[in-house]
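The structure appears right after this line, and notes come after that.
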Amino acid sequence: MYADDTAILSRHKNLNTLVENINQHLAHFEIGFSVWKIALNTSKTEAVLFSQRIAPPEITLQNQRIPWSHHTKYLGVYLDKTLAFRQHITQIRTKFKNATHNCYSLFCRNSKLNRRNKLLIYTLIIKALLTYDSPVWGTQQEQI
């Protein structure tokens, strides 16, 4: 059994206390995962410090160092250390261009589809792409 998309969020003014708290939580997770026979893939584990500060002290999981990253993808959203969502917005822009290009023949004037079906395709594909997790990243000023 695998545990996908598990996140630990910790907050503290003192960086060393923050890292100590995270390491304690990870130790508890290791025990629970061991009891429930859930495999951990430490090579896919990342840590992000949402701050402008330098990289904090080491975090370990199963006696392996967890690398600090400038960004990570969590539940389909790219989170960067400044929470500016630049990479996420770039990804959405690329997916939007590809989706509209692929659906062009369905949306163009010569298409045999009626307006209702075109709207349905737009809602299911294009709109879903643009609005996925928008409450998280949609407050940013960069335009898609």
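Below are the figures for this structure:
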read-out: Filter result for the condition that a residue is of a type in the set (Asp, Glu), touching a strand residue (DSSP E or B) at 6+ places or on another chain (Cβ under 6 Å) and either farther than 19 Å from SER134 by Cα or surrounded by 13 or more Cβ atoms within 10 Å (Cβ to Cβ) (or both), over GLU46, GLU20; value: GLU46
read-out: Neighbours by Cβ (under 6 Å, 6+ apart or cross-chain): first from region 3-23, under 25 Å from VAL77 (Cβ atoms); second of a type outside the set (A, V, I, L, M) and in a helix (DSSP H, G or I); value: ILE8/HIS25; SER10/ASN21
read-out: Residue that is nearest to the chain's Cα centre (by Cα) [pool: residues in region 78-94 that are within 12 Å of VAL48 (Cβ to Cβ) and touching a residue at least 24 places away in the same chain (Cβ under 8 Å)]; value: LEU79
read-out: Only listed residue being out of contact with any Lys or Arg (no Cβ under 8 Å at 6 or more places or on another chain), farther than 24 Å from GLU20 by Cβ and among the acidic types (Asp, Glu), chosen from ASP133, ASP80; value: ASP133
read-out: Output for region 63-74, where each listed residue is within 18 Å of HIS25 (Cα to Cα) and surrounded by 15 or more Cβ atoms within 10 Å (Cβ to Cβ); value: ILE66, TRP68
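Condition check ((1) assigned to a helix (DSSP H, G or I); (2) over 20 Å from GLN140 (Cα atoms); (3) not aliphatic (A, V, I, L, M)) across all residues:
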position: PHE50; (1), (2), (3): no, no, yes
position: ARG65; (1), (2), (3): no, yes, yes
position: LYS73; (1), (2), (3): no, no, yes
position: LEU79; (1), (2), (3): no, no, no
position: LEU83; (1), (2), (3): no, no, no
position: GLN87; (1), (2), (3): yes, no, yes
position: THR90; (1), (2), (3): yes, no, yes
position: ASN110; (1), (2), (3): no, yes, yes
position: LEU113; (1), (2), (3): no, yes, no
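Every number in this text was worked out from the coordinates using simple rules, so none of it is lab data. Every value quoted in this text rests on a predicted model; they were computed, and no experiment measured them. So basically every Cβ, Gly included, is an ideal-geometry build from the backbone, and we count neighbours across all protein chains shown.
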